[in-house]
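Notes follow the structure.
The values are calculated or read from the model by the stated rules, or taken from the named source; none is laboratory data. Predicted, not measured: the structure shown is a model, and the values here were computed from it. Cβ coordinates were reconstructed from backbone atoms using ideal geometry, including for glycine residues, and neighbour counts include every protein chain displayed.
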């Protein structure tokens, strides 16, 4: 028998789980539920307790949770908090503390993102583990994936992403984190520009409000890539079409030249309609 974390530890657990599946426990038959639950609690297998609480209606969630908590497995605590319905706030807090003590930034991010109705103080505790880890990937995911973060919290996460000098993460942060200040966008943009990656410069120019189109365009022009010059000219508002078109024409790529010509005509028509 398998779940998200691999095999059940022993054959006894697997056999009991199979018997439960074949019984009327799934239909909420109290006698059957109580009978199997006593066996589950007696075995004290945290993974089995987690599965039983998630899947069997009418189970004693508090008793099952205690075995999960005593096991101190942060992955199971996260799973229990995420998937078991109608848990009390105090119960979630106990599970959260085990996840926090694990100092695992990935788990803390998932707990903050996936467990419903967490209080602001709880989210702050989880965020601090992510920040202390200085892991730019999970700082990025926390800023993007966790709702209702304060501006100061986002700023701390952003600084770790910027210091990583990872242009892909910086581009993603600027694209996906809402209401960033102009100065923050500039710092993220500098990392992207220094990468000299025409694709990331194009993505930044296309998707980030208040991006410096001229500076990003310079990277694309220096790359002399007819493909990215064509894309930039066709899709980025404020692009220097003449400079970009020159590189596309010099490439003698008939498909790109045709695509650019068609899009330039559309841009001209759009500009005319805006003037009128």
Test set (1) touching a residue at least 24 places away in the same chain (Cβ under 8 Å); (2) within 30 Å of residue 156 (Cα to Cα) - residue 221 fails condition number: (2)
Residues that are surrounded by fewer than 18 Cβ atoms within 10 Å (Cβ to Cβ) and not in a helix (DSSP H, G or I), drawn from region 177-194: 178, 179, 181
Qualifying residue in region 218-230 (condition: assigned to a loop (DSSP other than H, G, I, E, B) and surrounded by 15 or more Cβ atoms within 10 Å (Cβ to Cβ)): yes
So residue 38, is it farther than 20 Å from residue 82 by Cα, modelled with pLDDT of 65 or more and in a helix (DSSP H, G or I): yes
Within region 43-144, helices (runs of 4 or more DSSP H) holding 1 or more residues that are closer than 30 Å to residue 169 by Cβ: 74-83, 89-101, 105-114, 120-133
Residue 116 being in contact with a helix residue (DSSP H, G or I) (Cβ under 9 Å, 6 or more places away or on another chain) and within 24 Å of residue 84 (Cβ to Cβ): yes
Contacts under 6 angstrom Cβ, first residue in region 41-70 being at positive phi and surrounded by fewer than 20 Cβ atoms within 10 Å (Cβ to Cβ), partner in a helix (DSSP H, G or I) and modelled with pLDDT of 90 or more, 6 or more apart: 44/67
Options 199, 173; residue that is at pLDDT 95 or above, in contact with a helix residue (DSSP H, G or I) (Cβ under 9 Å, 6 or more places away or on another chain) and more than 22 Å from residue 130 (Cβ to Cβ): 199
Condition check for residue 77: buried (at least 23 other Cβ atoms within 10 Å of the Cβ) and closer than 24 Å to residue 139 by Cα: yes
Some residue of region 164-174 being free of Cβ contacts under 8 Å to residues at least 40 places away in the same chain, part of a loop (DSSP other than H, G, I, E, B) and crowded, with 21+ Cβ neighbours inside 10 Å: no
